[in-house]
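Okay, structure first, notes after.
The values are calculated or read from the model by the stated rules, or taken from the named source; none is laboratory data. What you are looking at is a predicted structure, and each value in this text was computed from that prediction instead of being measured. When we count neighbours, we look across all protein chains shown, and the Cβ atoms used for this are built from the backbone with ideal geometry, even at glycine. Areas reflect the complete protein model, heavy atoms only, side chains present, ligands, DNA and RNA absent. Shrake-Rupley method; radii C 1.70, N 1.55, O 1.52, S 1.80 Å.
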Amino acid sequence: MKFLRNTSGNSEFDEQGMLQEYRNSGNLEVLGKLYEKYMPLVYGLCLKYFKDEEKSKDAVMQIFEELVKKLKVHDVSNFKSWLYTLSRNHCLMSIRSSSKHEFVPIEENVMENEAFVHLDIDETRESKLHVMEKCIEKLPAEQKDTISLFYLEQKCYKEVSDITGYDLNKVKSYIQNGKRNLKICIEKNSEN
């Protein structure tokens with residue numbers, strides 16, 4: 001398997017130069033050489049999350065495809081840690097999106113007899129969403145902006161920082177405080 005070969009012994013590996021060359025030229029061979037060094041790390045990380053070899057191999061390729069786009073936009077100073085974060089986020093997002101699809105066996109008579117129960121569930125969900133929207137609007141501007149970007153638009157901390165202009169530590173703080181304030185507001189308004 002090609003991407004399990006480790007080429008970390010290459011002392012001429014100039015990551016910053018390769019990153020700059022890729023940004024300037026868009027040459028995928030340069031990016032491929034840079035990524036090849038870390039493929040075992042990325043594969044191991046994916047295997048840790050997915051616990052499935054085939055899914056992990058697919059993820060390694062998908063992460064490379066993300067790199068092709070993201071490295072043209074982001075100025076990366078520490079490629080290894082940035083790649084680790086990107087890979088971890090990819091795995092988490094993949095797990096999160098696959099867990100949203102819960103499969104339930106369909107029984108004909110249940111669907112016909114309990115049709116009105118589904119309406120109650122939709123109304124409950126709708127009212128919870130309405131409470132959450134109201135609570136988001138009540139948050140201080142910084143918390144509202146960062147929470148919306150991070151959770152609703154699924155941006156990473158760095159992207160939120162780039163969009164808002166806030167320092168990375170401030171972004172983390174706003175999100176953490178906003179999440180806490182949002183939870184308190186939702187609990188308070190759900191009791192009514």
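So here's what we get for this one:
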read-out: Positions within the range 158-172 being open to solvent by 50 Å² or more (accessible area, probe 1.4 Å) and either touching a His at 6+ places or on another chain (Cβ under 6 Å) or part of a helix (DSSP H, G or I) (or both), in sequence order; value: LYS158, ASP162, ILE163, LEU168, ASN169, LYS170, LYS172
read-out: Meets criteria (open to solvent by less than 100 Å² (accessible area, probe 1.4 Å) and at pLDDT below 85) for LEU119; value: yes
read-out: Considering residues of the range 12-24 that are open to solvent by 80 Å² or more (accessible area, probe 1.4 Å) and among the charged types (D, E, K, R) only, the residue nearest to ASN78 (Cα to Cα); value: ASP14
read-out: Hits in the range 125-184 (condition: aromatic (Phe, Trp, Tyr) and over 22 Å from HIS90 (Cα atoms)); value: TYR166, TYR174
read-out: Matching entry among ASN78, ASN27 (being under 19 Å from SER161 (Cα atoms), more than 18 Å from the chain's Cα centre (by Cα) and open to solvent by 50 Å² or more (accessible area, probe 1.4 Å)); value: ASN78
